[in-house]
Each structure stands twice: as C-alpha cells, then as structure tokens.
Amino acid sequence: MKKVSLALSLICGLMLTAVASVNAADQEESPIFEQKMTSLDGKEVDLSQYKGKVLLIVNVASQCGATPQYEPLQGLHEKYADKGLAVLGFPCNQFGKQEPGDESEIAQFCEKNYGVTFDMFSKIEVNGEEQAPLYEYLTTSAADEGKVKWNFEKFLISKDGKVVERFRTKTQPDSEEVVTAIEAELAK
C-alpha cells in the first residue's frame, strides 16, 4: 500500500509540474511585443505599446498594383481604432522594387494619395537573410507558414500577440473575410 501511495504522490507531483509548465508557456510574452521598430519619422517604437490591441500587420509598397489597398486599410483604421484595432504598415522593396522611395517620400505618398494616418514604419525586409525578426515570427507562426509572396500580405494578430489569420495580397482589407475576423478578435 505504501508503494502505491508513494507512486501516486510521484505521479501527482509530475502532473502538477507539467501543468505549471504549460501555464507558464501560455503566459510567455509574444515575440511581437519584444520588437522595437523604427517609424517613418525615425523614432524608435516599442511594439509592446500594442499589447491588448488587435493588430493588422501589412507589408506595403507605393508602386504596386495592390497599392490602392491603402484606402481600405485606412478605412479599417478609422472604423476600428477606437475599438482596439491597430493597423501597422511596413514598407518593403523586395517585390519588384515597388517601394523605391526613402521614408520621407513614402510618408508623403501615403498622406497625399490615401490620407494614411495609421502607424507606418521604416522599410524592412520580410524575407531572406535580412528578414526583420518581426516577420520571421509572423511567417513561421501563421497557419500557412512560409515566405511572404508579395506586397500587401496581411497578418491578423490577437490581443495577446498570436497570429490568428494570414491574408494574401488578393484578399482585400475590407473583404467580408477580413472584417469578420477582425470583429471576432475585437470581441474577445
């Protein structure tokens, strides 16, 4: 009987340790919130300021066939920012060299042509050897892992920093699919 009791105590102890480990892993900080990025105006931005918000992270370009997506992205920002959505734009020149301008030119283009007021950041690499750590996390954490295929891919991020959905270029930011996913995350 003592052996059974000792064995049960040992098993219970191991189970409690396993549960504690799982709980600790669930509470780990998302790598998104550990990033520091540079805004278009050259200021360092600690992405931890977005904790508790739903994020739509998009790699953007000024000279792409998908560039008009700035308009519905701005619309999402205007409609949902007060409800907890933050749209984050990351210019990238990796696809057809469609973002050749410097930060000032990008900012002017976005403001003049699309009235962009959502947060925009300095140019980054979203694939390859110089891939920004933020995009390394995004492209390996999405259900459909893998490289970014083109400009205006959209990653929907939960309030706790997990990748919820990935929408490729052809999916418009204001499509029912994207809006429904955003609203579902905001409701959590």
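Observations on the structure shown:
- Count - residues of region 161-170 that are assigned to a loop (DSSP other than H, G, I, E, B) and buried (at least 16 other Cβ atoms within 10 Å of the Cβ): 2
- Flag set for Lys112, criterion: charged (D, E, K, R), farther than 19 Å from Tyr50 by Cα and modelled with pLDDT of 95 or more.
- Of all residue pairs spaced 6 or more apart or on separate chains, those with beta-carbon atoms under 7 Å, a first member in region 40-67 that is in contact (Cβ under 8 Å) with a residue 40 or more places away in the chain and a second member that is hydroxyl-bearing (Ser, Thr, Tyr) and part of a loop (DSSP other than H, G, I, E, B) are Leu40/Ser122; Val54/Ser158; Ala66/Thr169.
- Members of region 84-95 found to be surrounded by fewer than 21 Cβ atoms within 10 Å (Cβ to Cβ) and without any contact (Cβ under 8 Å) to a residue 40 or more places away in the chain, listed by number: Ala86, Asn93
- Taking (1) buried (at least 20 other Cβ atoms within 10 Å of the Cβ); (2) out of contact with any Ser or Thr (no Cβ under 7 Å at 6 or more places or on another chain) in turn, Leu40 satisfies each apart from (2).
- Among residues of region 72-83 that are in contact (Cβ under 8 Å) with a residue 24 or more places away in the chain, those with a beta-carbon under 8 Å from a residue that is among the aromatic types (Phe, Trp, Tyr) at least six positions away or on a different chain give the pairs Leu73/Phe118; Gln74/Tyr114; Gln74/Phe118; His77/Phe118; Ala81/Phe118.
- Residues located in region 146-175, provided they are within 28 Å of Gln63 (Cβ to Cβ) and charged (D, E, K, R): Lys147, Lys149, Glu153, Lys154, Glu165, Arg166, Arg168, Lys170, Asp174
- The set of residues in region 140-160 being crowded, with 17+ Cβ neighbours inside 10 Å, of a type in the set (Val, Ile, Thr) and within 19 Å of Glu29 (Cβ to Cβ) consists of Ile157 alone.
- Restricting attention to region 114-134, the residues that are part of a helix (DSSP H, G or I) and either surrounded by fewer than 21 Cβ atoms within 10 Å (Cβ to Cβ) or in contact with a Cys (Cβ under 6 Å, 6 or more places away or on another chain) (or both) add up to 2.
- Of the residues in region 98-113, not one is crowded, with 18+ Cβ neighbours inside 10 Å, among the polar types (S, T, N, Q), over 23 Å from Pro72 (Cα atoms) and free of Cβ contacts under 8 Å to residues at least 60 places away in the same chain.
- Restricting Thr140, Thr67 to residues that are modelled with pLDDT under 95 and among the β-branched types (Val, Ile, Thr) narrows the list to Thr140.
- Here Gln69, Gln74, Gln94 are screened, and the one residue that is among the polar types (S, T, N, Q), within 29 Å of Glu176 (Cα to Cα) and not in a helix (DSSP H, G or I) is Gln94.
- Here Tyr137 passes the criteria (1) part of a loop (DSSP other than H, G, I, E, B); (2) more than 22 Å from Gln98 (Cα to Cα) except the one numbered (1).
- Across region 150-188, the number of residues qualifying as of a type in the set (Val, Ile, Thr) and free of Cβ contacts under 8 Å to residues at least 24 places away in the same chain comes to 3.
The values are calculated or read from the model by the stated rules, or taken from the named source; none is laboratory data. Remember, it's a predicted structure, so these values are computed and weren't measured experimentally. Using ideal geometry, Cβ is built from the backbone for each residue, glycine included, and neighbour counts are taken over all protein chains shown.
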